[in-house]
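The values are calculated or read from the model by the stated rules, or taken from the named source; none is laboratory data. None of these values were measured; they are calculated from a predicted model. No Cβ is skipped: glycine too gets one built from the backbone with ideal geometry, and neighbour counts run over all protein chains shown. Quick note on the areas: whole protein, heavy atoms, side chains included, nothing else; ligands and nucleic acids left out. Shrake-Rupley method; radii C 1.70, N 1.55, O 1.52, S 1.80 Å.
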Amino acid sequence: IDKLGFVPKFDALARARKDAGRIGILTPSFTSDSFVDRLRGIIAALSGMSYEPVIYDIASDAQRDGYLTSLPVTRHVDGLIAIDLPIDETAAARLLKHKLPAVQILPSCLSKTCQDIISIVHDDIVGGQIAAEYLLSRGHHRLGYIGDTNLPEFLGTFKDQKLDSFRQTLALSGVALPDDYVELGPFGMETARQLAHRLLDLPTPPTAIFAGSDTQAIGVLSAAREKDLRVPDDLAVMGFDDIEVAEYIGLTTVCQQLKESGRLAVDLLLKLLSDNDSAAQSVSLTFTLRQRATA
């Protein structure tokens, strides 16, 4: 399609634009709680409008490239929102050529991939700093971290910025985060529970654990309960994301405005739909501490 410069017939394109009534949502994070909360924001923003969301679950680079190649041409959707899925320059050029508006939500380490698409950026480095500073302020000097390793290969050299900044912030205060106190595994509560047991079984276990997501923090809480540890007296637990359930279980966490990012993505996309010549921009989301009962 790119090589031949294919463009659909104008009348077919016009019909597709008129009848689609859909907003495509592309993500490799379909099963994550953070995606669900972003989706809640998207659906709330689309409420009462003539658009329905269509989710495309991306599990491989071939799948990603297939959708980003076909959707601009077939026009089965009126616009795209890509979540944690960077759009490269080739795909962006195709979207722009076929006038299919798109907005991407992604961490700062992936935001340099393309400057031609409107981006909503969350800086996970700041999130790691907030967690480290807060736990240090609570008097903790022996800390652990639980994160995940099953990131899709097509995200390239994606790094866990939360871990890096958490470790660096601790180091600035003279507190080390040894490798023995870092456990990484496939995303999920059960894996996090098992990883937390490894940390808690150390000869000198951590007094606080920062998890890379609220989902994993819930797994840590489960392990603490199984070890008969009092939270936060014996073990402080801190998460990341501030998913909807976090407030109900009293989880101390770093809020990255999940629902707000979904609503903002829709607002920016609707502006593009009314004026597709709008200049690309990058919007940064702020992080805030949610101090609750677990830390």
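About its Cα centre, the dipole of the chain is roughly 680 debye, where the only charges are +1 on Lys and Arg Cβ and -1 on Asp and Glu Cβ. Here segment 155-295 is treated with +1 on each Lys and Arg Cβ and -1 on each Asp and Glu Cβ, and its dipole about the Cα centre works out to around 120 debye. Shape class of segment 136-262 from the alpha-carbon gyration tensor: rounded, with the ratio a/c of largest to smallest axis under 1.5. Largest GNM mean-square fluctuation among Ala131, Ala102, Ala223, using the chain with Cα springs under 10 Å: Ala223. Legend: calculated FRET efficiency, Ala62 to Lys271, from the Cβ-Cβ distance at R0 = 30 Å, rounded to 0.05, equals 0.40. Taking a ≥ b ≥ c as the square roots of the eigenvalues of the Cα gyration tensor, segment 61-106 is classed as rounded, since a/c falls below 1.5. Any idea what angle helix 124-137 forms with the longest principal axis of the chain, computed on alpha-carbon atoms, 0 to 90 degrees, nearest 10? Result, in degrees: 20.
Where only DSSP H runs of four or more residues are counted, the chain gives -12500 deg cm²/dmol as its mean residue ellipticity at 222 nm, each run worth -39500 (n - 2.57).
Summing Lys and Arg as +1 and Asp and Glu as -1 over all other residues whose Cβ lies under 12 Å from the Cβ of Pro53 gives a net charge of +1.
Read through the labelled values [x] 21.0, 71; [y] 23.6, 85; [z] 19.8, 72 and report the label of the one computed as Rg and Dmax of the Cα atoms in Å from the structure. This structure yields the entry labelled [x]. Of all DSSP bridge pairs formed entirely within the chain, close to 5 percent run antiparallel.
Seen against the Cα atoms of the chain and their longest principal axis, helix 214-226 is set at about 30 degrees. Net charge dipole, segment 198-265: roughly 100 debye, given to the nearest 20, about the Cα centre with Cβ charges of +1 for Lys and Arg and -1 for Asp and Glu.
Farthest towards the positive end of the charge dipole of the chain, among the residues Leu4, Gly212, Ser165, is the Cα of Leu4, using unit charges on the Cβ of Lys, Arg, Asp and Glu. Considering only Cα-Cα distances, which of the following residue pairs are longer than 23 Å: Lys3/Lys99; Lys99/Lys271; Lys162/Lys259? The pairs that break the limit, which is 23 Å between Cα atoms, do not exist here.
In the chain, the longest principal axis of the Cα atoms and the axis of helix 10-19 are about 50 degrees apart. With 0.36 nm allotted per residue and the present C-alpha distance subtracted, the Thr69-Asp201 stretch has 42.6 nm of extension available. The listed residues Asp148, Asp228, once ranked by accessible area (1.4 Å probe) with the largest placed first, stand as Asp228, Asp148. You can think of it this way: the chain between Val245 and Ala280 has 9.2 nm of extra reach, that is 0.36 nm per residue less the Cα-Cα gap. With all protein chains in place and a 1.4 Å probe, the accessible surface of segment 69-224 carries 51 percent carbon and sulfur. Residues Ile130, Ile120, ordered by accessible area of protein heavy atoms at a 1.4 angstrom probe radius and largest first, appear as Ile130, Ile120.
Residues Arg142, Arg38, Arg292, Arg225 ordered from highest to lowest accessible area at a 1.4 Å probe: Arg225, Arg142, Arg292, Arg38. How large is the accessible surface of Cys255 in square angstrom, using a 1.4 angstrom probe and rounding to the nearest 10? Solvent-accessible area, nearest 10 Å²: 10 Å². Between Asp88, Asp180, Asp123, the residue with the greatest mean-square fluctuation in the GNM of the chain (Cα pairs under 10 Å linked by springs) is Asp180. When a/c reaches 1.5 or more, the comparison of a/b and b/c decides; with that in mind, is segment 14-76 rounded, prolate or oblate per its Cα gyration tensor? Since a/c reaches 1.5 but b/c is at least a/b, the shape of segment 14-76 is classed as oblate. Only one residue of Ala295, Val231, Leu26 has its Cα farthest out toward the positive end of the dipole of the chain, where Lys and Arg carry +1 and Asp and Glu -1 on Cβ, and that residue is Leu26. Over all other residues within a Cβ to Cβ distance under 9 Å of Ile23, the charged ones net out to -1, with Lys and Arg as +1 and Asp and Glu as -1.
Entry comment: accessible area of the chain is 46 Å² per residue, from protein heavy atoms only and a probe of 1.4 Å.
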